[in-house]
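Data block below; observations after.
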Amino acid sequence: MSSMEIMNALTAGSYDVERLRADFPILQREVNGRPLVYFDNAASAQKPRSVIEAVQQCYAHEYSNIHRGVHFLSGQLTARYEAVRERVARFLNAPSAKEIVFTRGTTESINLVAHSFVRPRLKAGDEILITGMEQHSNIVPWQLLCDETGATLRVVPVQDSGEIDLEDVRRLLNERTRFVSVVHVSNALGTINPVRQIIAEAHARGVPVLLDGAQAVPHLRVDVQELGADFYAFSGHKLYGPSGIGVLYGKMEYLQQMRPYQGGGDMIRSVSFERTEYAEPPQRFEAGTPNIAGVIGLGAAIDYVESVGLERIAAHEHDLLLYATAGMMEVPGLRIIGTARDKAGVISFVMEQAHPHDIGTILDQDGIAIRAGQHCAQPLMQRFGVPATARVSFALYNTRDEVDVLLQSLHKVVRLFG
Amino acid sequence: MSDLRELYQETILDHNKHPRNFRRLEGATHQAHGHNPLCGDRVDVYLKVSDGRIVDISFEGDGCAISTASASIMTEMLQGRSLEQAQQLFDRFHDLLIGKAEAGEELGKLEVLAGVRAFPTRVKCATLPWHTFKAALHNETAATTE
Ligand SMILES: Cc1ncc(COP(=O)(O)O)c(C=O)c1O
């Protein structure tokens, strides 16, 4: 986002962060005697009252199973459940709600595509292309497929800045490439990848592409049609919604070709012991009783994010990113890992004096929650030659004052370990 | 800041900065690799055992201050001990960390790690070198804190 765009977004109505903070009950609490400063949003975001109440309301007043009852409650909740599917479709600008499959999260969405779409098309010698900054959930499912089929996993290298070079993508795409799966926004580096260009390159060779949008949907406007994505995966819990619920968007022409992921109730049209006819997408991929209250909570989360405005959230977080980056560069011995030009509100760093784990403990004493570790991205840590990093990640409710608390605490690390 | 001072005592900071016996041991009779997959801490422990006694012990690795200091102090404490004494020491140390026992004389320098008790998420950092030591003794090649 350019500074011009930020200015425009911020002045298009004032961003009242204190009013938004009041929507999140947990932000009232203290940790270790200090007001909670929650900077572990890339791991999971906190929940606004509207999400908590939607889930509570569902269980307290509306609950029953869906898709199977003739009675009032089942009919009503089925309608609400399906309305969230429509809501998700609008949120991603998917052409149809039938292209929205509910899953447990990004991990399950990727595994579903690996199993039901890619596996049947893969043979020995074929290739799958990912990048060097994938989270384990976008590495391991493909390795499992490669082990089973004799296909090869190819990896687009990560530059020192934490970016990938489109030249490398062009070089690695070839007639053996069957599938491309790329993280939209890196959880460990914050890099926003040039996914539209990557998709264009892949499509030029007839190769379908999945985007791992776990870190993208909470922070930037995603339009699957404009991007040209064939599949798009994300998790509810990083979008201020409940855990255990996620989404897979897939183009209908592909979903229709796919075999089921799991067998069970709700995913069939007719069953006999001789032969089972599968339901149409998306039901084909939703075997068994789903996470009903999770879907209701996800709907409330999307409503919440849209009411604040993704453009405004992005601008606010970008301001925090610039402010924190400037402050952190003043901390002696601190090095930021991931300096992409196009970056979301994630700052991974290491310090000469202290290991990330020690940094995490010291910050925790000041009520600051950050992630310290490998971010489920061990190959990436190896790439940067660090055993682990500390990571600060921002959400719509964080403030510059909180960044100041962080900076003070980082200087404390220097004093203690210096 | 008092809990922090208790955790990061001078002795610990010193062992972290200047780890003792930090080298590969030529002619080791036992060795093992320890790994904490959660945070990426890694430690290699090397032993030379003769007649049921630890005649030399060293380590290498990359970890937080707690695991580095714990490994460094461990190698100091175990030099020249019998395997039986080593096991007793580990049991005492473990009890100390999980709050089952108070510090006592026989723990010696290991006592400086008592502050870890106030930080349950860090206990594994302190015990990783010891688990790795035990794995080496039992001729297992790897230990994890999972
Ligand atoms: C980039 C990225 N992809 C995938 C995942 C996996 O998401 P989940 O654990 O919700 O399935 C995460 C979250 O940890 C992530 O950050």
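Quick notes
- Applying 1/(1 + (r/R0)^6) with r as the Cβ-Cβ distance of A:S96 and A:Y63 and R0 = 22 angstrom yields a FRET efficiency of 0.20.
- Computed magnitude of the charge dipole of the stretch A:245-386 (debye, nearest 20; Cβ of K, R +1, Cβ of D, E -1): 480
- Stokes-Einstein diffusion for the protein assembly as shown, with the hydrodynamic radius set to the Kirkwood value over Cα pairs and evaluated at 4 °C in a medium of 1.567 mPa s, equals 50 µm²/s.
- Take the Cα of B:D14, go 7 Å toward its beta carbon, and the backbone nitrogen atoms of the stretch B:95-112 under 13 Å from that spot belong to B:109-110, B:112.
- When A:K47, B:K17, B:K124, A:K343 are compared by accessible area of protein heavy atoms, the largest-first order is B:K17, B:K124, A:K47, A:K343, using a 1.4 Å probe.
- Those GluC sites (Glu not before Pro) in the stretch A:194-292 that DSSP places in a loop and that have at most 15 other beta carbons within 10 Å: A:E274
- Counting only protein heavy atoms and using a 1.4 Å probe, the accessible area of A:F102 comes to about 10 Å².
- Calculated [θ] (222 nm, deg cm²/dmol) that DSSP helices of n ≥ 4 give over chain B, each run adding -39,500 (n - 2.57): -12000 deg cm²/dmol
- Shown here for the stretch A:261-345: chymotrypsin sites (Phe, Trp or Tyr not before Pro) in loop regions (DSSP other than H, G, I, E, B) with at most 15 other Cβ atoms within 10 Å, namely A:F273.
- Contour minus Cα-Cα distance for A:L166 and A:A204 (0.36 nm per residue): 12.3 nm
- Relative contact order (percent, whole number), chain A, Cα cutoff 8 Å, 6+ residue spacing: 23
- Here each label is just a point 7 Å from Cα along the line to Cβ, and for A:S243 and A:N174 those points are 4.2 nm apart.
- Rounded to 10°, Cα long-axis angle of helix A:72-92 versus longest principal axis of chain A: 60
- Computed over the stretch A:52-306, the P(r) curve from all C-alpha pair distances, binned at 10 Å from the origin, holds 7, 31, 34, 19, 7, 1 percent per bin.
- Per-residue ellipticity at 222 nm, computed for chain A from helices alone with -39500 (n - 2.57) per DSSP H run of at least four residues, works out to -11500 deg cm²/dmol.
- Candidate lysines - alpha carbon under 25 Å from A:K123, same-chain residues fewer than 8 apart omitted: A:K251
- With a Förster radius of 51 Å applied to the C-beta separation of B:E102 and A:S307, the computed FRET efficiency comes to 0.40.
- Distance violations [Cα-Cα > 28 Å] among B:K48/B:K100; A:K238/B:K17; A:K47/A:K343; A:K343/B:K17: B:K48/B:K100; A:K238/B:K17; A:K343/B:K17
- The convex hull defined by the C-alpha atoms of the stretch A:282-375 has an orientation-averaged projected area of 9.7 nm².
- Springs between Cα atoms under 10 Å define the GNM used for chain A, and in it the highest mean-square fluctuation of A:G213, A:G333, A:G367 occurs at A:G333.
- Ranked order, B:T11, B:T121 - accessible area, probe 1.4 Å, largest first: B:T121, B:T11
- Column: log10 I(q)/I(0), Debye, Cα scatterers of the stretch B:1-126, q = 0.10, 0.17 Å⁻¹: -0.30, -0.89
- Principal-axis analysis of the Cα atoms of chain A puts helix A:140-149 at an angle of about 40° to the longest axis.
- Based on protein heavy atoms only, the stretch B:2-137 ends up with 42 Å² per residue of surface accessible to a 1.4 Å probe.
- Only one residue of B:A71, A:V185, A:A202 has its Cα farthest out toward the positive end of the dipole of the protein assembly as shown, where Lys and Arg carry +1 and Asp and Glu -1 on Cβ, and that residue is A:A202.
- Dipole in debye (nearest 20) - the stretch B:2-137, about Cα centre, beta carbon charges: Lys, Arg +1; Asp, Glu -1: 260
- Extending 7 Å from the Cα toward the beta-carbon at both A:A326 and B:D62 defines two label points whose distance is 3.4 nm.
- Shown here for the stretch A:137-198: GluC sites (Glu not before Pro) in loop regions (DSSP other than H, G, I, E, B) with at most 15 other Cβ atoms within 10 Å, namely A:E175.
- B:D91/A:H71 FRET efficiency (R0 45 Å; Cβ-Cβ; nearest 0.05): 0.15
- Residues A:K98, A:K251, A:K412, ordered by accessible area of protein heavy atoms at a 1.4 angstrom probe radius and largest first, appear as A:K98, A:K251, A:K412.
- Chains A and B together bury some 1600 Å² of accessible area, summed over both sides, with a 1.4 Å probe.
The values are calculated or read from the model by the stated rules, or taken from the named source; none is laboratory data. Keep in mind it's a predicted model, so treat the numbers as computed, not measured. Cβ coordinates were reconstructed from backbone atoms using ideal geometry, including for glycine residues, and neighbour counts include every protein chain displayed. For accessibility, only protein heavy atoms count, side chains too; no ligands or nucleic acids. Shrake-Rupley method; radii C 1.70, N 1.55, O 1.52, S 1.80 Å.
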